[in-house]
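The values are calculated or read from the model by the stated rules, or taken from the named source; none is laboratory data. All figures in this text were calculated on a predicted structure; none of them were measured in a lab. Positions of Cβ are backbone-derived with ideal geometry, glycine not excepted, and every protein chain shown enters the neighbour counts.
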Amino acid sequence: MSKFLLRSLLTAGLLAASPAVVLADDLGRPATAKEIAAWDIDVRPDGLGLPPGQGSVEDGEAIFSERCAACHGDFAEGVDRWPVLSGGFETLRSERPVKTIGSYWPYLSTVWDYVNRAMPFGNAQSMTPDEVYAVTAFLLYANDLVDDEFVLSQEDFTDVRLPNENGFIEDSRPDTPSLADGAPCMSNCKTDVTVTMRARVLDVTPDHEED
């Protein structure tokens with residue numbers, strides 16, 4: 001028997017007999033309150049998770065101009081290919097829908113949560129709750145949903161409704177039978193695919209087979 005094989009067998013035997021490497025139920029430790037707080041920052045549509053605070057449209061405009069306008073424009077209209085956050089009303093049924101906070105997003109909590117969690121780009125979670133309230137208030141103003149004297153706070157947050165809230169329906173797909181619930185097609189299946197329609201807006205359908 002080679003020395004390598006003998007050493008491997010001896011090591012395996014020692015590991016199997018050693019209580020120090022047996023998987024135990026007490027691995028790890030409970031998360032600290034500080035660690036939990038760092039993760040527990042989501043905000044629900046009913047306002048659960050919002051911290052105390054408030055912010056005005058006026059303050060939000062100043063913050064937005066300093067930290068957000070380089071990408072999103074002075075009036076949240078978007079710069080270059082950065083996201084457009086305002087406008088787009090009545091465009092969702094068009095060939096080129098503009099999905100903004102005012103035209104598409106369902107809940108104000110999504111706006112607050114995203115700004116708080118991910119903005120500004122490159123310096124996420126650097127704003128205080130009052131600053132996030134102020135930026136959110138300005139974005140409402142940029143979408144003509146509030147006046148320039150509006151102040152957003154934890155108390156009146158759920159009073160604000162976005163125009164497209166009723167444009168969403170509950171996703172029932174988890175209750176729909178899936179492929180795993182039945183047998184896949186095993187006979188008389190399609191063997192070839194032909195182009196029956198062409199993309200009108202993006203023009204992405206190849207003209208020739210070699211494309």
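Pairs only if they're at least six apart or on different chains, beta carbon under 6 angstrom, first in the range 36-61 and touching a residue at least 12 places away in the same chain (Cβ under 8 Å), second β-branched (Val, Ile, Thr) and in a helix (DSSP H, G or I); list them, first residue then second.
Final answer for the pair search is GLY47/THR158; GLY60/VAL135.
Could you pull out the residue among THR158, THR176, THR194, THR205 that is surrounded by 10 or more Cβ atoms within 10 Å (Cβ to Cβ), on the phi < 0 side of the Ramachandran plot, more than 17 Å from the chain's Cα centre (by Cα) and at pLDDT below 95?
Only one candidate passes the filter, namely THR205.
Kindly provide the set of residues from the range 162-171 that are under 19 Å from the mean Cα position of the chain (by Cα), outside any helix (DSSP H, G or I) and in contact (Cβ under 8 Å) with a residue 24 or more places away in the chain, ordered by number.
Within the range 162-171, LEU162, ASN164, PHE168 meet the criteria.
Somewhere in the range 121-135, is a residue surrounded by fewer than 17 Cβ atoms within 10 Å (Cβ to Cβ), touching a residue at least 40 places away in the same chain (Cβ under 8 Å) and touching a Ser or Thr at 6+ places or on another chain (Cβ under 6 Å)?
Within the range 121-135, not a single residue is surrounded by fewer than 17 Cβ atoms within 10 Å (Cβ to Cβ), touching a residue at least 40 places away in the same chain (Cβ under 8 Å) and touching a Ser or Thr at 6+ places or on another chain (Cβ under 6 Å).
Any idea which residue in the range 112-149 is nearest to GLU61 (Cα to Cα), counting only those that are in contact with a strand residue (DSSP E or B) (Cβ under 7 Å, 6 or more places away or on another chain) and either assigned to a loop (DSSP other than H, G, I, E, B) or of a type in the set (D, E, K, R) (or both)?
GLU131
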